[in-house]
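Participant: Below you will find the structure I want to go over with you.
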Amino acid sequence: QVQVMESGGGSVQAGGSLRLFCAASGYPYCKYDMSWYRQAPGKEREFVSGIVSAGSTSYADSVKDRFTISQDNVNNTAYLQMNSLKPEDTAMYYCKAALHFGVVALCGDNRWGQGTQVTVSS
């Protein structure tokens, strides 16, 4: 069964950088659109960035020009390079894999990772 796992979170000072990783592991021929969401304590989960299998990217206004998303379709891995981090970026970051190409029974249709914590201090 397809699994989604994130890593790369940590604690940094304001202005620092982190690089997040997300892997959707499973049947090799499955291809996914990948996206990142985040949720801070007491707040709703919000969209951060996404990339489709064709390569088009999108960003929330709050992170545009600071974050960059990329994808390795061969390995079904997504990356989120986060620069110029701010305290308000502090949140649990979640990766979502949505099936772009493949058989749903083998690949799944929509899967979430367990989250990786990002903490930015002032």
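The values are calculated or read from the model by the stated rules, or taken from the named source; none is laboratory data. Since this is a predicted model, take the numbers as computed values, not measurements. Note: ideal-geometry Cβ built from the backbone for every residue, glycine included; neighbour counts use all protein chains shown. In case anyone asks, the SASA skips ligands and DNA or RNA and just uses the protein heavy atoms, side chains included. Shrake-Rupley method; radii C 1.70, N 1.55, O 1.52, S 1.80 Å.
Participant: Give, rounded to the nearest 20 debye, the magnitude of the charge dipole that the chain has about its Cα centre when Lys and Arg contribute +1 at Cβ and Asp and Glu contribute -1 at Cβ.
Facilitator: So the dipole magnitude of the chain works out to roughly 80 debye.
Participant: How fast does the stretch 1-59 diffuse by Stokes-Einstein, in µm²/s, taking the Kirkwood radius from C-alpha pairs at 25 °C and 0.890 mPa s?
Facilitator: It diffuses with D of about 180 µm²/s by this estimate.
Participant: State the percentage of accessible surface on the chain attributable to carbon and sulfur atoms; use a 1.4 Å probe and exclude ligands, DNA and RNA.
Facilitator: 50
Participant: If one computes the Cα centroid of the stretch 71-115 and of the stretch 21-41, what distance in Å separates the two points?
Facilitator: 3
Participant: Could I ask something else about it? For a quick check, take a GNM of the chain with Cα springs below 10 Å and name the residue from V63, V48, V103 with the largest mean-square fluctuation.
Facilitator: V103
Participant: Which of these, S25, S70, S56, has the largest mean-square fluctuation under a Gaussian network model of the chain (Cα springs below 10 Å)?
Facilitator: Answer for the Gaussian network model of the chain: S56.
Participant: Then there's this: Counting just the Cα atoms, what span does the chain cover along each of its three principal axes? Round to the nearest Å and put the largest first.
Facilitator: 46, 26, 21
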